[in-house]
Amino acid sequence: MMKALLLNGSPRRGGNTEVLLDALAEGVRSAGGEVEMIRLAELRIAPCINCGGCDQTGICIIQDDAGGVYEKVDQSRRIVLASPIYFYGITAQAKAFVDRAQSSWSRKRIQQRKGEWRDDPHRLGFFVSVAATKGEKVFDGAELTAKYFFDAIGAAYGGALLFRGIEKRGDMEKDAAKLRQAVEFGRRIIA
Ligand SMILES: Cc1cc2nc3c(=O)[nH]c(=O)nc-3n(C[C@H](O)[C@H](O)[C@H](O)COP(=O)(O)O)c2cc1C
């Protein structure tokens, strides 16, 4: 069975990102897939300190909760990075996690040098986000971060689900049309 790993970067429990991911998860399940959702903000994930430890090994020297999540990332063929927009980027909690993909990036580069790297076209990454404002470029920075994250972990970019004008707790729940789109998105990423 195809499993989708949902990484929620919002610190708000029951917040808009979580409500959106719940709808997406419903879609995944209705298409016969399995879902695991992880709240990154509730884990102990230190930011990368550019120590160079992973340069030669592809393994991060920091021992905290990120390692376990990256094991799941490596084993998943559908990875959804979700975060509300904070100052035109993803949340600090999500960014700390993304930066730790530096060791995945190093590992990929090491394997590429040895000619051992194989792209897996079946591994797909998706970006899900909400923002309070309606600005045309409000998701641009965050989506670039997401795209480069998926590149580092060796997943092709499958696209994004982005909703503007979502600010207060409860805003997402109220928007039935957007939630239907999220269910559809969940179905589509598994199909
Ligand atoms: C620190 C902080 C920074 C934010 N920066 C932006 C921003 O730059 N642009 C925007 O449209 N919304 C911004 N927002 C609003 C959130 O994206 C919005 O409230 C979102 O719905 C929160 O999602 P959540 O409930 O999943 O946490 C910011 C919110 C916070 C707390």
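The values are calculated or read from the model by the stated rules, or taken from the named source; none is laboratory data. Keep in mind it's a predicted model, so treat the numbers as computed, not measured. We place every Cβ from the backbone using ideal geometry, glycine too, and count neighbours over all the protein chains shown.
Miscellaneous remarks
- Test for Gly52: is it surrounded by 14 or more Cβ atoms within 10 Å (Cβ to Cβ) and either assigned to a loop (DSSP other than H, G, I, E, B) or in contact (Cβ under 8 Å) with a residue 60 or more places away in the chain (or both): no
- Against the numbered list (1) farther than 20 Å from Asn50 by Cα; (2) more than 16 Å from the ligand (Cβ to nearest atom), Asp99 comes up short only at (1).
- Selection from segment 6-34 of residues that are away from the ligand (no atom under 16 Å from the Cβ) and surrounded by fewer than 21 Cβ atoms within 10 Å (Cβ to Cβ): Glu26, Arg29, Ser30, Ala31, Gly32, Gly33, Glu34
- Glu184 satisfies every condition listed in (1) of a type outside the set (Lys, Arg); (2) in a strand (DSSP E or B); (3) more than 14 Å from the ligand (Cβ to nearest atom); (4) touching a residue at least 40 places away in the same chain (Cβ under 8 Å) except (2).
- Residue in segment 26-43 that is under 17 Å from the mean Cα position of the chain (by Cα), within 23 Å of Ser103 (Cβ to Cβ) and in a loop (DSSP other than H, G, I, E, B) present: yes
- When residues in segment 109-134 are screened for being surrounded by fewer than 16 Cβ atoms within 10 Å (Cβ to Cβ) and either modelled with pLDDT under 95 or more than 16 Å from the ligand (Cβ to nearest atom) (or both), 13 of them pass.
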